[in-house]
Amino acid sequence: MKTVFVTASFMSLGLCEGTGNGFFDRVLDHWDNGCYELIDRITSYAPYTCALIAAGYQSAGAFPGVADYEISETFGVWFGQEILSTDEAGMDPDEGRCQAKLLELIIAFFEQGMDGADTATGKYERAKLREALADVPVKCEPATLPGAVAQLVLELDRIGFGTDYPISGAMCVDVVNENLSTLREFIA
């Protein structure tokens, strides 16, 4: 369960930091459905992401990097960009597109540690990875963070996130770390 919360945090971090200063404000304005709802929507993909990562690890046998940096955080940035690319305010990215993006990110992540795609071993490893990922159910049990996500969002707002002042990733990490005790109590 802890992994789901960490993954959800990194998805949110990617959404918050995005492509630079003001990104989250633009996403939130275009989303127009509330900050809590936006964080809830993006983190709803955390259980599926964790299941895919676990299947990928079981298939590949190793992590070629840090999954939450390269998959979860990248997904958060992409999710925000997708919201901004819609013509109609208040629309979130299509669920199928989100699942496809997660698969793309996870395949790219695990392929980093594989033999070349033109070798017999590389072809076998890639086929084995895709087979393992295909077995992951699209609908996973959702993570529930009663109040913890809302508290995190309020704390980010308190320290100035979403203003004209730049916020650093370190500040977001500090806020997440400060709220880990709440998450740990929920997990226990």
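Using Cβ point charges alone (K and R +1, D and E -1), the dipole size of the stretch 26-145 about the Cα centre works out to roughly 420 debye. Rolling a 1.4 Å probe across the protein heavy atoms gives the stretch 1-70 an accessible surface of 43 Å² per residue.
Can you work out the accessible area per residue across the stretch 72-143, with the rest of the protein chains kept in place, probe 1.4 Å, in square angstrom? In whole numbers, the stretch 72-143 has 55 Å² accessible per residue.
In the stretch 67-111, Rg over Rh equals 1.02, where Rg is the alpha-carbon radius of gyration and Rh the Kirkwood radius from pairwise Cα distances. Ranked by the mean number of other Cβ atoms within 10 Å of their residues, highest first, the peptides 90-101, 49-60 come out as 49-60, 90-101. Look at the dipole of the stretch 87-137 built from charges on Cβ: of A108, A132, G122, the Cα furthest out on the positive end belongs to G122. Phi angles across the stretch 39-44 convert, under the Karplus curve 6.51 cos²θ - 1.76 cosθ + 1.60 with θ = phi - 60°, into 3J(HN,Hα) values of 5, 4, 5, 5, 6, 5 Hz, Gly and Pro given as x. The relative contact order of the stretch 27-124, computed from alpha carbon pairs under 8 Å that lie at least 6 residues apart in sequence, is 38 percent.
Surface composition of the stretch 67-128: carbon and sulfur make up 49 percent of the accessible area, probe 1.4 Å.
The values are calculated or read from the model by the stated rules, or taken from the named source; none is laboratory data. Please read these numbers as outputs of a predicted model, since none were measured by experiment. Counting neighbours? That spans all protein chains shown, and the Cβs are built from the backbone with ideal geometry, glycine included. In case anyone asks, the SASA skips ligands and DNA or RNA and just uses the protein heavy atoms, side chains included. Shrake-Rupley method; radii C 1.70, N 1.55, O 1.52, S 1.80 Å.
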